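Student: A single structure is presented below for examination.
Bear in mind that the values in this text are calculations on the coordinates, not laboratory data. What you see is a predicted model; the values in this text were computed from it and never measured. When we count neighbours, we look across all protein chains shown, and the Cβ atoms used for this are built from the backbone with ideal geometry, even at glycine.
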Amino acid sequence: MSVNRRDFCTFGKVEKEKVYDFIFAGAGAATLQIVQKLTQSSAFAKADILILEQDPDKQNDRTWCFWEKEGRHDWAPYIQKTWNHIHFFAPNFKLHNALSPFAYNMIRSNSYYAAMHAFMQQHPHIKIKYEKVETYAETAHEVVVTSSQKSYKSRYFFNSILDWSSLTNQKRYPVLQQHFVGWFIKTTAPVFDAQTATFMDFDIPQYGNTRFMYVLPFNEREALVEYTLFSKDRLKPASYAREIRAYLTKKNIRNYEITETEIGSIPMSSYPFSSHNSKRILHIGSAGGWTKPSTGFTFKFIERKAAQLIPFLEKQTDMRLFDQKTRFWWYDLLFLDVLARHNHLGSMLFTRMFKRNRMTTILRFLDEKTTFKEEVAIMRSFPVGLFVAQVMRRLMRSFH
Ligand SMILES: Cc1cc2nc3c(=O)[nH]c(=O)nc-3n(C[C@H](O)[C@H](O)[C@H](O)COP(=O)(O)OP(=O)(O)OC[C@H]3O[C@@H](n4cnc5c(N)ncnc54)[C@H](O)[C@@H]3O)c2cc1C
């Protein structure tokens, strides 16, 4: 759903005279990480914060996985499983790699939400209200945010509500989704290698798209098996289920129960979400374009942006200056241009990248931490003609 930006007019009951320092729309990963960082900073430790969240019953609505250097402890209290090895499969290609110096970690969202709610209860200057944000408007000195119940004022407004219509109402930037259905299964026999996560298994029918299995084993009998696509349109629910079942049969896993299901769709686009920022309004999380367009990974990018935001707020008052384009934005744009045009080639493109580069370099590349020289080496893994043609198309488009 989308929230309307609108010109200022008083609407509903305005909370009496109170002007918050920050209002956040949504209490998801981005809001919670930023609020925690604000509270830990000396400049904003006592800032008046209001969070408006539409869902009073947010639970285990997602698993967040990310890699980071082994031995980092920031997320340790919430991490439920760590893998030190990764599988990548494609037809006629198998990779089993140690991840060191990285580790692949998983957090289930309920543990983080619960910890953050306890954290907020210890900070009376942070309020959370379960109200749906309907509109917001900026004036010269504040932002007025209107929920289903009331209007509130704040100096700054951070919005984490993703407006899909801004993506779908434009043609300049391709829009794919990382969409998936995952089954948490429990098998009767020990079948999984609990030390190894399957990052991508392309050895499944592609049906003209980019489709793979993502498998996170928690122990020898339990795993999350997720059927994932990088494509324009979601499938019917029965199609995801059919492919997971077929995959399990192919792996000779026949006796299992499904204990939970995870369903999701993450935007994959280089659309400049930050163009919606204004002096006092910053879009954050997926709504701010903090999702890596070519992979859908977001959690660690939120962490990085949240860390950058605190020193930024200490010095700047104009939120339009926060997000800056880097060369990685261009790489993602080109990659998605190619993937949107030739969606069936995803398996080949990812396979070439994993075949021809070291795992640690790939992870640093996806983290946007490589040198230009390393990036050139990665790009040389791909068919040059495909990308040159796409660069030409982009250039032609910018002249028209
Ligand atoms: C199932 C799933 C699994 C994922 N797994 C990974 C992963 O493994 N690794 C990774 O890096 N990324 C992952 N992601 C992507 C990304 O990390 C998450 O989507 C992350 O939660 C994004 O944080 P956010 O704050 O931008 O949005 P959200 O966490 O979605 O928060 C937005 C909040 O806004 C609330 N809201 C919406 N509309 C309104 C309204 N009108 N008024 C008030 N509140 C509203 C929602 O209820 C929600 O709580 C996953 C996403 C999904 C959906």
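Student: Answer with yes or no whether S270 is touching a residue at least 12 places away in the same chain (Cβ under 8 Å), assigned to a helix (DSSP H, G or I) and either among the aromatic types (F, W, Y) or buried (at least 18 other Cβ atoms within 10 Å of the Cβ) (or both).
Tutor: No, not satisfied.
Student: State all residues of segment 19-70 that are near the ligand (Cβ under 10 Å from one of its atoms) and among the basic types (K, R); if no residue qualifies, say none.
Tutor: Hits for segment 19-70 are K58, R62.
Student: Any residue that is away from the ligand (no atom under 12 Å from the Cβ), outside any helix (DSSP H, G or I) and either in contact (Cβ under 8 Å) with a residue 40 or more places away in the chain or more than 26 Å from F199 (Cβ to Cβ) (or both) - is there at least one of those in segment 241-251?
Tutor: The answer is yes, given that some residue of segment 241-251 is away from the ligand (no atom under 12 Å from the Cβ), outside any helix (DSSP H, G or I) and either in contact (Cβ under 8 Å) with a residue 40 or more places away in the chain or more than 26 Å from F199 (Cβ to Cβ) (or both).
Student: Which of the residues that make up segment 108-122 are free of Cβ contacts under 8 Å to residues at least 60 places away in the same chain and touching a helix residue (DSSP H, G or I) at 6+ places or on another chain (Cβ under 6 Å)?
Tutor: Once the filter is applied, which keeps residues that are free of Cβ contacts under 8 Å to residues at least 60 places away in the same chain and touching a helix residue (DSSP H, G or I) at 6+ places or on another chain (Cβ under 6 Å), segment 108-122 yields only S111.
Student: Taking H125 as the residue in question, decide whether it is more than 30 Å from H342 (Cβ to Cβ) and in contact (Cβ under 8 Å) with a residue 40 or more places away in the chain.
Tutor: Values: more than 30 Å from H342 (Cβ to Cβ): yes; in contact (Cβ under 8 Å) with a residue 40 or more places away in the chain: yes.
Yes: the conditions hold for H125.
Student: Just for segment 363-392: of the residues that are basic (K, R) and in a loop (DSSP other than H, G, I, E, B), which one is nearest to E68 (Cα to Cα)?
Tutor: Ranking the candidates gives K369 first.
Student: Spot the failing condition for T198; the list is (1) more than 16 Å from the ligand (Cβ to nearest atom); (2) touching a strand residue (DSSP E or B) at 6+ places or on another chain (Cβ under 8 Å); (3) of a type in the set (S, T, N, Q), and only one is missed.
Tutor: So T198 meets the others, but not (1).
Student: Could you go through segment 41-57 and let me know if any residue there is under 21 Å from the mean Cα position of the chain (by Cα), closer than 19 Å to I302 by Cβ, outside any loop (DSSP other than H, G, I, E, B) and not aromatic (F, W, Y).
Tutor: Within segment 41-57, one or more residues are under 21 Å from the mean Cα position of the chain (by Cα), closer than 19 Å to I302 by Cβ, outside any loop (DSSP other than H, G, I, E, B) and not aromatic (F, W, Y).
Student: If we keep just the residues of segment 340-373 that are more than 21 Å from F230 (Cβ to Cβ) and among the hydroxyl-bearing types (S, T, Y), which is farthest from the chain's Cα centre (by Cα)?
Tutor: T371
Student: While we're on this one: Within the group F297, F184, which residue is within 14 Å of the ligand (Cβ to nearest atom), of a type outside the set (D, E) and closer than 30 Å to T326 by Cβ?
Tutor: The unique qualifying residue is F297.
Student: So, one more: When you check F88 against the structure, is it surrounded by 15 or more Cβ atoms within 10 Å (Cβ to Cβ), touching a residue at least 24 places away in the same chain (Cβ under 8 Å) and farther than 25 Å from K150 by Cβ, yes or no?
Tutor: yes
Student: In segment 304-315, how many are surrounded by fewer than 19 Cβ atoms within 10 Å (Cβ to Cβ), under 20 Å from S160 (Cβ atoms) and out of contact with any Leu (no Cβ under 7 Å at 6 or more places or on another chain)?
Tutor: 4
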